[in-house]
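Reading through the structure tokens given below for one structure.
The values are calculated or read from the model by the stated rules, or taken from the named source; none is laboratory data. Since we're looking at a predicted model, the values are computed, not measured. Backbone-built Cβ (ideal geometry, glycine too); neighbour counts: all protein chains shown. Quick note on the areas: whole protein, heavy atoms, side chains included, nothing else; ligands and nucleic acids left out. Shrake-Rupley method; radii C 1.70, N 1.55, O 1.52, S 1.80 Å.
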Amino acid sequence: MVLYQRYVDFILSHGYEKTPHIGEADVVLVDTCASTEMQENASFDLMQAEQSRAKKDAKIIVCGCLPAINPEKFNRRWQGDFFTPSNQFMLARILGFDHEEEKFLTPYENPGRFMGAEDAKASTLHSHVPLVRLFARSLLELHRLNNWLPGNGLERLPWAQRLFIISQQCNAKNYTINISQGCIGECTFCVIPKAKGRTRSLPMGLIVEKIREKVQEGVRHLTLSSDDSGAYGIDIGTNLVELLKKIHEIPGEFHLYINCFDPRWWLRLGDGMKDMFALGKIRYLQCALQSGSPSVLRRMKRGYRIEDVLPHLRDTRSRFPNLVMASQFIAGFPGETGEDARASQTIIEEDLFDHIFVFDFSHRPGAEAAEIEGHLPQGLIKERGRQLRRAWFWSNARIQLGLRRKVKPSDNLMRTPLVPRRSQPQEIPLLSV
Ligand code: SF4
């Protein structure tokens, strides 16, 4: 979304105006995502829908990760203009502004040129936002954003995710800054390093100055976005905690939202992060556990053991109840047993997280997971996904009603069993198709 805003800004700066009616647009920019098969399919549907709604001589340009992640399928299905995150300069070329290609040097390549993201809208849900308000806000946005109406591919996404995406549009006063791009992880299901390369961090001084400027302009909610925010600074000799310390020195009333803090960074930055939470400015942390099973995490090559990460999460939950924590789980990873699935479910039922996304496992071209033995039948993957979503639904209901399960003091939690069982564990069906 942040990169997308950058492209929109570039186009607008060349005399174009935004129109809510796609049928009268001269240029249509279609943002895609292919990090899961479901999102890839939704992106193809969106491309098709936009093509059929645009006028005949409109220039339809596809951007985002899809062309980089699944080029074969993309080339089979799309003959029009496109570019990827690593050749963004093509946008200038496609629009006939070849001499401006250098504007698309990323800020990582040219820190002196920081364009885009200025008006990017992003907000994060809070545990105290009642569902009713969230629904009302989302419906309002549905009304306003004809892009999100049925027929554009978004309907393939689960409802909770749809609402989350839509609600991200709700607060125009927010500001998102992409602190780094790419990832040094080796997760076997993920193709982000393939599409975006290894971590490249924006210089700390540049981020701090940009945030200072935004706070002075009245921005109150700042999202630090990244493919792997915990890795921030690894290529320039610093780290996320050092960056947060500097940001906290900026005078003014504002709050911070941290995206994509991979769990392995708890092991290196955990205590430092908690010191930062204690300052009260950080409102949101997204930390994708992906699975509660040690053996699945090993096969995913996630780089952490669940028993090392959970104490940090529980300690954070009990010490900072107002910090909104979100997570993500993958259902049906190759070789996942019923016991493995129950381990994920048990963690969800602990009510550690305020928001959880569940993705059904899907193979991504070029991802190592294809070689892993034990691929599950589609029906079973979907059933496991449904089961985890059900667990999340009830966990969310408890949170919304203020009945969050009590997290015990961190000292004791260090000694609690790895996957505490409920007295009558809910069975995960093996196959029900
Ligand atoms: S840490 Fe995140 S972005 Fe990096 S490889 Fe793993 S899943 Fe992908």
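Of note:
- Top positive-direction residue, dipole computed over the stretch 200-317 with Cβ charges, set Trp265, Gln290, Gly218: Gln290
- For the pair the stretch 331-393 / the stretch 266-328, the C-alpha centres are spaced 19 Å from each other.
- Ordering of 358-364, 191-197 by packing [mean C-beta count within 10 Å, highest first]: 358-364, 191-197
- Within the accessible area of the stretch 2-104, the carbon and sulfur atoms contribute 48%, probe 1.4 Å, all protein chains present.
- FRET efficiency for Ser13 and Leu279, using Cβ-Cβ distance with R0 set to 35 Å, rounded to 0.05: 0.40
- Of Lys246/Lys301; Lys210/Lys301; Lys194/Lys245; Lys274/Lys382; Lys18/Lys245; Lys18/Lys214, those spanning more than 29 Å from alpha-carbon to alpha-carbon: Lys246/Lys301; Lys210/Lys301; Lys194/Lys245; Lys274/Lys382; Lys18/Lys245
- Within the stretch 6-41: backbone nitrogen closer than 20 Å to the Asp235 label point (7 Å, Cα to C-beta): 6-7
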